[in-house]
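For reference, the structure discussed in these notes is given below.
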C-alpha cells in the first residue's frame, strides 16, 4: 500500500485528514510549531492513535511519518 493510500484510508475511517491530525498532535504536544517534538517517540504517537482513533500500527506509523515531514 502506498503512503498516500494509507492517508486516504485514515481519512475514510476517521473523517480527519493529515492537517486535522497535525492540529490534534500539536494540542497534545507531539508537534511544536508544525515540527515533531524531538522528545516524542513513535510509540507514544502510535498508542494515542490506536486508543483514540482505533488505527492500526501501519496507519499510525504513516501518520508518524507525515508528522516527520514525509510527503510521498
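We did not get these values from a lab; they are worked out from the coordinates using the rules stated. Keep in mind the model is a prediction, meaning the values are calculated, not measured. Cβ placement follows ideal geometry from the backbone for every residue including glycine, while neighbour counts extend to all protein chains displayed.
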Which angle between 0 and 90 degrees, to the nearest 10, do you get for helix 57-68 versus the longest principal axis of the chain when only C-alpha atoms count?
-> 50 degrees
Per the Debye formula with a single identical scatterer at each Cα and no solvent contribution, what log10 I(q)/I(0) holds for the chain at q = 0.20, 0.23, 0.28 Å⁻¹?
-> -0.76, -1.03, -1.56
C-alpha long axis of helix 42-53 to longest principal axis of the chain, angle in ° | 60 degrees
Inter-probe distance in nm under a simple model that places probes 7 Å from Cα toward Cβ, at residue 52 and residue 20 | 1.3 nm
What is the helix-to-structure angle for 18-28, meaning the angle in degrees between its Cα long axis and the longest Cα principal axis of the chain, kept from 0 to 90 and rounded to the nearest 10?
-> 30 degrees
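What is the gain in length, in nm to one decimal, between residue 3 and residue 28 on full extension, counting 0.36 nm per residue of separation less the C-alpha to C-alpha distance?
Details: separation 25, 0.36 × 25 = 9.00 nm, distance 2.38 nm.
Full extension from residue 3 to residue 28 adds 6.6 nm.
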